[in-house]
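Here, each number is a calculation from the coordinates, and none is a lab measurement. From a predicted model like this one, the values you see are computed outputs, not experimental measurements. Don't worry about glycine lacking a Cβ; one is built from the backbone with ideal geometry, like all the others, and counts go over all protein chains shown.
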Amino acid sequence: MVNIEAIIWWAFLADSVGANIASWFFPKWAKKNFKSILKHLPLTRGWTIVYLILVLWAGFALYRLGILPY
């Protein structure tokens, strides 16, 4: 059974992977299309890696608690 915590974690995982792809492979496209967001949330490689690591860490914690089914 999938619960709300698992759904939220999967959404954060998709967002962090998308941010990493944008920062590593498409930085010019992101700067062109997301000017207002990038004023407040920088799309740099270092921050997106930290974001991904934190999301994975939370995922491992949820898995150990038995909240994530797989």
Legend entry - Within region 48-66, considering residues that are in contact (Cβ under 8 Å) with a residue 12 or more places away in the chain and more than 10 Å from the chain's Cα centre (by Cα), the one farthest from Phe12 (Cα to Cα): Leu62
Inset, instruction - Pick out, from the chain, the helices (runs of 4 or more DSSP H) lying fully within it that include 1 or more residues that are touching a Phe, Trp or Tyr at 6+ places or on another chain (Cβ under 9 Å) and exposed (fewer than 13 other Cβ atoms within 10 Å of the Cβ). - result: 45-64
Legend entry - Enumeration of residues in region 29-70 that are under 21 Å from Ile7 (Cα atoms) and among the hydroxyl-bearing types (Ser, Thr, Tyr): Thr48, Tyr51, Tyr63, Tyr70
